[in-house]
Ligand SMILES: C[S@@+](CC[C@H](N)C(=O)[O-])C[C@H]1O[C@@H](n2cnc3c(N)ncnc32)[C@H](O)[C@@H]1O
């Protein structure tokens, strides 16, 4: 019996490297055809492809043939006609877009008896570009729109859609991309064109030792803050069951990295933003550490301490808003448009939130314990000057630590009395 639906598979590059991308698309398509119609015939010009398809299909009833000596889709289509595989009802051709017209014309020319008025060809393109072609194309588009790190953005987006590590794109360079993948990539690249940060587009991001969800407008954790986590881990070395307070937790990045690295650590994460609180809770649940994190919705002000579950902490850590207001206007559009500016705005001198942190939260540190802060480089001078004017100050600036680019980025303050 002739199959009622014929599927011709023409692998554009004909290379094995195409398989990881191309094969699932074909298998999905064939499975859906098989669900509706048990009488599906299939031909592939590549024997390896044919075997792979046969092995991957959930139903083995598919009539699948290897087309010999088909180096071109026209031949492939012609061979489909001659072998009797093509019925007069349907031909589904999975191939590169540019070959489809040729295939359809070949069928009309060489097998007109199969192409009467009742004949409908479903010439579908499932592979239209290789990974390399798409990367070159999108990099150009992003550069044309003056998007920074154009190539990197394109790589991250395509790797994200294909669910492969970015480095593996080298191996997949010649593989074809399905129309679905291309559609999704177009959508995400358009977001990038409007300067949406890559992290929000991808939706999750690696920070220190954890992968966390990120979404607008919650502050995206920055690479330099990973160093703050390392400094915190150093401070906590040897402390049994430490309790840590993370002020301005954002996505929960710092708290969660600390929890991940010290098995008996408990953390209190506070933030004044509801979005941040919800995201921190979500991230803690996703990482399976919800029990070890108390999330507090509260605002740091000079008035009073927010209500917290513990009276004392082994360490307080914070990456507060510390950007000087005069510098806020020069931040990238990615930040200006998508991130909550209150996460960055430290007021006139960048110390608007830092000052109440020192004044009020110092009381939660027993003598000898530390407060670690991320700061603007100018704060290494401004902060000690201001501290000298505070009679009730019980903290001493013990260290100023540079980030990996050589800027004074962190301070360690110790409770001395
Ligand atoms: C620079 S972000 C740091 C977020 C996170 N800790 C990180 O490193 O990715 C500062 C965070 O502090 C929060 N914040 C700003 N002002 C605050 C205040 N007065 N009280 C509590 N949280 C505040 C913001 O909502 C934001 O999530």
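The values are calculated or read from the model by the stated rules, or taken from the named source; none is laboratory data. These figures come from a predicted structure and were not determined experimentally. Cβ sites come from the backbone with ideal geometry, for glycine too, and all protein chains shown count toward neighbours.
Return yes when residue 321 is in contact with a helix residue (DSSP H, G or I) (Cβ under 8 Å, 6 or more places away or on another chain), within 30 Å of residue 194 (Cβ to Cβ) and touching a residue at least 24 places away in the same chain (Cβ under 8 Å) and no when it is not.
yes
Could you check the stretch 374-400 and list, in sequence order, the residues that are assigned to a loop (DSSP other than H, G, I, E, B) and either out of contact with any strand residue (DSSP E or B) (no Cβ under 7 Å at 6 or more places or on another chain) or touching a residue at least 40 places away in the same chain (Cβ under 8 Å) (or both)?
375, 376, 378, 389, 390, 391, 392, 393
From (1) surrounded by fewer than 16 Cβ atoms within 10 Å (Cβ to Cβ); (2) within 14 Å of the ligand (Cβ to nearest atom), pick out the condition that doesn't hold for residue 234.
The number of the failed condition is (2).
Right, residue 356: at pLDDT 95 or above, within 14 Å of the ligand (Cβ to nearest atom), closer than 27 Å to residue 417 by Cβ and under 26 Å from the mean Cα position of the chain (by Cα) or not?
So residue 356 does not fit the description; no.
Would the stretch 276-290 turn up any residue that is near the ligand (Cβ under 8 Å from one of its atoms) and either assigned by TED's automatic domain parsing to the domain that holds residue 232 or touching a strand residue (DSSP E or B) at 6+ places or on another chain (Cβ under 6 Å) (or both)?
Scanning the stretch 276-290 turns up at least one residue that is near the ligand (Cβ under 8 Å from one of its atoms) and either assigned by TED's automatic domain parsing to the domain that holds residue 232 or touching a strand residue (DSSP E or B) at 6+ places or on another chain (Cβ under 6 Å) (or both).
Within the stretch 347-368, take every residue that is touching a strand residue (DSSP E or B) at 6+ places or on another chain (Cβ under 9 Å) and more than 16 Å from residue 244 (Cα to Cα) and give me the one that is surrounded by the fewest Cβ atoms within 10 Å (Cβ to Cβ).
Ranking the candidates gives 352 first.
Which one is modelled with the lowest pLDDT, of the residues in the stretch 291-337 that are closer than 21 Å to residue 212 by Cα and away from the ligand (no atom under 14 Å from the Cβ)?
334
Tell me yes or no: at least one residue of the stretch 244-256 is more than 13 Å from the ligand (Cβ to nearest atom) and either in a loop (DSSP other than H, G, I, E, B) or crowded, with 23+ Cβ neighbours inside 10 Å (or both).
Within the stretch 244-256 (the criterion being more than 13 Å from the ligand (Cβ to nearest atom) and either in a loop (DSSP other than H, G, I, E, B) or crowded, with 23+ Cβ neighbours inside 10 Å (or both)), the answer is no, since none of the residues qualifies.
Has the stretch 295-304 got any residue that is over 24 Å from residue 351 (Cβ atoms) and free of Cβ contacts under 8 Å to residues at least 60 places away in the same chain?
yes
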